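**Student:** Got a structure for you, written out below as structure tokens; questions coming shortly.
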Amino acid sequence: AKLAKLRRDLLAPPTKGGGGGAGEGFDVTKSGDSRVGLVGFPSVGKSTLLNKLTGTFSEVASYEFTTLTCIPGVIMYRGAKLQVPL
């Protein structure tokens, strides 16, 4: 029962009055066998790496914080589908 309640709390839509602002584009439905996140400082090549590995398009520019929404991509590795949201 405790696990069911925690799952319901995670999947329930957020209620108004929370502390955060309304972000856009950061809710990605899980696909594949696992998720891998790319983390790093601005302008180090995360979007370029994602574009080359997954064949998706993420805007690349010479200024910081170019990618403002989440761009999901999928990599096949040893028969497993790895989702790489950026």
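The values are calculated or read from the model by the stated rules, or taken from the named source; none is laboratory data. Since the structure is predicted, the reported quantities are computational estimates derived from the model, not experimental observations. With ideal geometry, Cβ positions are generated from the backbone for all residues, glycine too; neighbour counts draw on all protein chains shown. Accessible surface is based on the protein model in full, side chains and every heavy atom, while ligands, DNA and RNA are left aside. Shrake-Rupley method; radii C 1.70, N 1.55, O 1.52, S 1.80 Å.
**Student:** Please determine, by comparing only the residues of region 9-37 that are of a type outside the set (D, E) and modelled with pLDDT of 80 or more, which one is surrounded by the fewest Cβ atoms within 10 Å (Cβ to Cβ).
**Tutor:** Per the stated criteria, the residue is G37.
**Student:** Of all residues in region 52-76 being touching a Gly at 6+ places or on another chain (Cβ under 8 Å) and free of Cβ contacts under 8 Å to residues at least 24 places away in the same chain, which is farthest from A12 (Cα to Cα)?
**Tutor:** Once the filter is applied, the top-ranked residue is G55.
**Student:** List every residue pair whose Cβ atoms lie under 9 Å apart, where the two residues are 6 or more positions apart in sequence or sit on different chains, the first residue falls within region 18-39 and is within 21 Å of L68 (Cβ to Cβ) and of a type in the set (F, W, Y), and the second residue, located anywhere, is at pLDDT 50 or above and surrounded by 10 or more Cβ atoms within 10 Å (Cβ to Cβ).
**Tutor:** F26/T69; F26/C70; F26/P85
Conditions tested, residue by residue: (1) open to solvent by less than 100 Å² (accessible area, probe 1.4 Å); (2) within 12 Å of the chain's Cα centre (by Cα).
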residue	(1), (2)
V39	no, yes
P42	yes, no
T48	yes, no
G55	yes, no
E64	no, no
T69	yes, yes
R78	no, no
